[in-house]
Amino acid sequence: MNMLFIAGPAGSGKSLLTSTLSTWIERFEYSVCKVNLDPASELLPYVPDVDAKRYVNARDLMIKRGLGPNGALLASMDELLNYVVDIKTEIEDCRADYVLVDLPGQLEVIAFRLPGPRLLQELAEGSKAAVIFLIDARLVSKMYSAYALLLLALSTTYRLNLPMVLAVNKVDLVVDLTTYSNKKLYEKLYEALPIYRLLSEYGECPSVITGESFLDVSVSVQLCEIFRQFIKPPTPISAREAIGLDDLITEIENVVATYKEG
Ligand SMILES: Nc1nc2c(ncn2[C@@H]2O[C@H](COP(=O)(O)OP(=O)(O)OP(=O)(O)O)[C@@H](O)[C@H]2O)c(=O)[nH]1
Ligand SMILES: [Mg+2]
């Protein structure tokens, strides 16, 4: 069983990817279990096989405990930990080749507080697991925002302690996909999105950030070198147009195969 946690900032396309990727995987005769782990989700673009909202509903907690939306989500994740065995049993009962876990968009509750990483670790135990970290293509159209999102992705990996595949989603919004071919797409993205210049091996780090305004150029150069050591250029995808999903699965298979538990 491959357990893929779909993470990323709010609105990056996690739920739509859960839907599109499951349809795409099923076409290859593999079975998929779709898990909604967002207790605050309202409308989902797929029918979950396992739904955290059956156990904990953030909206109900808001009303019952007089909490605001953020506090209710934090409280929901604490509550969910009490049901981790039930959720895991439901997932195992799916007996699926792939489990796609759609996570809440508030990265704070997933990665930066105690219950999130614990919940994911317990669900992942015994499976081959990886995190797909989605970045909205429109948010990395400037070099400084590419830095910020890569730092966020790296810190999320450290907190979750799971292998990660980085994907830039919504590429349909930044490049014209009508003449789509893999090579052309990468060329266009290299021009359109600085994150590809930053992470590709063409051009040394100092030349890549020339002309950009940074708080500290030497730190930025060092960070660029660190990024290149740990992060491959992200897989470009469009959850809406079902583009790049074959490359995404290949990347996932690669990181899962090289990952050693513990
Ligand atoms: N054009 C385009 N729109 C997309 C793509 N992926 C997602 N969207 C849209 O982006 C919006 C947010 O998508 P969701 O799937 O709800 O994003 P999410 O990450 O699950 O959002 P939260 O759970 O609220 O954090 C929706 O309007 C989607 O239709 C894409 O590849 N291309
Ligand atoms: Mg969602």
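The values are calculated or read from the model by the stated rules, or taken from the named source; none is laboratory data. Since we're looking at a predicted model, the values are computed, not measured. Here Cβ is always computed from backbone atoms with ideal geometry, including for glycine, and neighbour counts include all displayed protein chains. Ligands, DNA and RNA are excluded from the accessible area calculation, which covers all protein heavy atoms including side chains. Shrake-Rupley method; radii C 1.70, N 1.55, O 1.52, S 1.80 Å.
Residues that are in contact with a Leu (Cβ under 9 Å, 6 or more places away or on another chain) and more than 9 Å from ligand 2 (Cβ to nearest atom) within the stretch 18-27 comprise SER19, THR20, LEU21, SER22, TRP24, ILE25, listed in sequence order. The residue list ASP172, ASP136 contains one member that is among the acidic types (Asp, Glu), away from ligand 2 (no atom under 16 Å from the Cβ) and out of contact with any Phe, Trp or Tyr (no Cβ under 7 Å at 6 or more places or on another chain), which is ASP172.
Do you know which of the residues in the stretch 104-115 that are in contact with a Lys or Arg (Cβ under 8 Å, 6 or more places away or on another chain) and outside any loop (DSSP other than H, G, I, E, B) is surrounded by the most Cβ atoms within 10 Å (Cβ to Cβ)? Per the stated criteria, the residue is ALA111. If you check VAL56, VAL109 for being out of contact with any Cys (no Cβ under 8 Å at 6 or more places or on another chain) and within 22 Å of GLY13 (Cα to Cα), only one passes: VAL109.
Report whether or not ILE132 is under 30 Å from VAL85 (Cβ atoms) and either open to solvent by less than 10 Å² (accessible area, probe 1.4 Å) or of a type in the set (D, E, K, R) (or both). For ILE132, the condition - under 30 Å from VAL85 (Cβ atoms) and either open to solvent by less than 10 Å² (accessible area, probe 1.4 Å) or of a type in the set (D, E, K, R) (or both) - is met.
Could you please give the count of residues in the stretch 90-115 that are away from ligand 1 (no atom under 14 Å from the Cβ) and modelled with pLDDT under 95? If you could, list the steps in order and put the result at the bottom.
So the first thing to find is which residues in the stretch 90-115 are away from ligand 1 (no atom under 14 Å from the Cβ), and the list is 90-99, 112-115.
Adding the requirement that they be modelled with pLDDT under 95 leaves 112-115.
So the count comes out to 4.
Do you know which residues across the stretch 162-179 are under 24 Å from the mean Cα position of the chain (by Cα) and at pLDDT below 90? Those that are under 24 Å from the mean Cα position of the chain (by Cα) and at pLDDT below 90: VAL175, ASP176, LEU177.
Only one of TYR144, TYR83 is aromatic (Phe, Trp, Tyr), more than 16 Å from ligand 2 (Cβ to nearest atom), farther than 21 Å from ASN2 by Cβ and free of Cβ contacts under 8 Å to residues at least 40 places away in the same chain; which? Steps first, please.
Numbers: TYR144 fails: free of Cβ contacts under 8 Å to residues at least 40 places away in the same chain.
Being aromatic (Phe, Trp, Tyr), more than 16 Å from ligand 2 (Cβ to nearest atom), farther than 21 Å from ASN2 by Cβ and free of Cβ contacts under 8 Å to residues at least 40 places away in the same chain holds for just one of TYR144, TYR83, which is TYR83.
Taking each residue of the stretch 8-32 that is under 18 Å from LEU139 (Cα atoms) and modelled with pLDDT of 95 or more and looking for partners that are near ligand 1 (Cβ under 8 Å from one of its atoms) and assigned to a helix (DSSP H, G or I) with beta-carbon atoms closer than 7 Å, six or more apart or interchain, yields GLY8/LYS14.
Within the stretch 148-185, being farther than 30 Å from ARG118 by Cβ, open to solvent by 10 Å² or more (accessible area, probe 1.4 Å) and β-branched (Val, Ile, Thr) holds for VAL174, VAL175, THR178, THR179.
Please verify whether LYS53 is over 20 Å from the mean Cα position of the chain (by Cα) and within 19 Å of GLU125 (Cβ to Cβ), treating the condition exactly as stated.
Details: over 20 Å from the mean Cα position of the chain (by Cα): yes; within 19 Å of GLU125 (Cβ to Cβ): no.
Against the criterion (over 20 Å from the mean Cα position of the chain (by Cα) and within 19 Å of GLU125 (Cβ to Cβ)), LYS53 does not qualify.
Any idea which residue in the stretch 186-209 is modelled with the highest pLDDT, counting only those that are within 16 Å of ligand 1 (Cβ to nearest atom) and open to solvent by 10 Å² or more (accessible area, probe 1.4 Å)? It comes out as ALA192.
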